[in-house]
Amino acid sequence: RFVVHMSDIGADEFLPLLMAAIGRQAPGVRVEAVQLAPRAIAPALDEGRLDIAFGFLPGLAGTEQQPLLQERYVVLLRRGHPLAKKLRDRAAVEQLDFVLVASHAEPARALHLLGLERRIRLTLPHFTVVPPILAATDLAAIVPLRPALRFAARHDLQVVEPDLGLPPFTVSMHWTWRSTHDPGHRWLRAQAQAMQFAPPPRARRAVR
């Protein structure tokens, strides 16, 4: 049994690949995915209650880590949104109204860095219901590119990549040094490291 930390959008990215690999090699293994508050991740790793934390976790210090993929932030909104073709830069983005997902600290921080807190119209605990809400309204969300593309493919949404002035970031897996040489832990990390992520297509840039 392994316990892993993942956000809801992280689980959507990683678990299909990870569970397929585990099912082929060790079908009796049990995986429990949890989503912990950022401040709770380090103690859970250190105390052995958590085996691996997946995600972009810049506040997590003192862990071993392995990069898995690169990401960047984009804007997700409904297809046909009246502002979609004007979203070239931060000034245009400031005209949008936003959904904030409270359980994801870094997209929330992105809104803070862009000075857009005053444009938040809805706060939710998870991303699960964001796509149908965006499809039915003129609200928008700042989301990492890969989950944004998956949401757009499943719903009537589009992904636009204006110049937000936000740097790309690295999604990694983290673990405590105490587990580095544990055979079972090494095996699980090897399955995670072997996951193959196809490079996502570039999101559409707004047309002048």
Taking segment 108-126 and the residues there that are modelled with pLDDT under 85 and open to solvent by less than 20 Å² (accessible area, probe 1.4 Å), the one that is nearest to PRO58 (Cα to Cα) would be ALA110
Going through (1) modelled with pLDDT under 90; (2) under 21 Å from LEU57 (Cα atoms); (3) touching a Leu at 6+ places or on another chain (Cβ under 6 Å) one by one, HIS174 fails only at (1)
- Message: Against the definition (in a helix (DSSP H, G or I) and open to solvent by less than 50 Å² (accessible area, probe 1.4 Å)), how does LEU166 come out, yes or no?
- Response: no
Taking segment 30-76 and keeping only residues that are among the basic types (Lys, Arg) and under 14 Å from the mean Cα position of the chain (by Cα), one is left with ARG72
In segment 186-208, residues that are at pLDDT below 90 and part of a loop (DSSP other than H, G, I, E, B) total 13
Selection over segment 68-127 where residues are farther than 23 Å from THR170 by Cβ and acidic (Asp, Glu) yields a count of 4
Here the residues within segment 41-94 that are open to solvent by less than 40 Å² (accessible area, probe 1.4 Å) and assigned to a loop (DSSP other than H, G, I, E, B) are LEU50, ASP51, LEU57, LEU60, THR63, HIS81, LEU83, LEU87
Flagged in segment 95-107 as among the hydrophobic types (A, V, I, L, M, F, W, C) and either part of a loop (DSSP other than H, G, I, E, B) or open to solvent by 40 Å² or more (accessible area, probe 1.4 Å) (or both), in numbering order, are LEU96, ALA102, ALA105
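The values are calculated or read from the model by the stated rules, or taken from the named source; none is laboratory data. Since we're looking at a predicted model, the values are computed, not measured. As a convention, Cβ positions derive from the backbone with ideal geometry for all residues, glycine included, and neighbour counts pool all protein chains shown. Heavy atoms of the whole protein, side chains included, go into the accessibility calculation; ligands, DNA and RNA do not. Shrake-Rupley method; radii C 1.70, N 1.55, O 1.52, S 1.80 Å.
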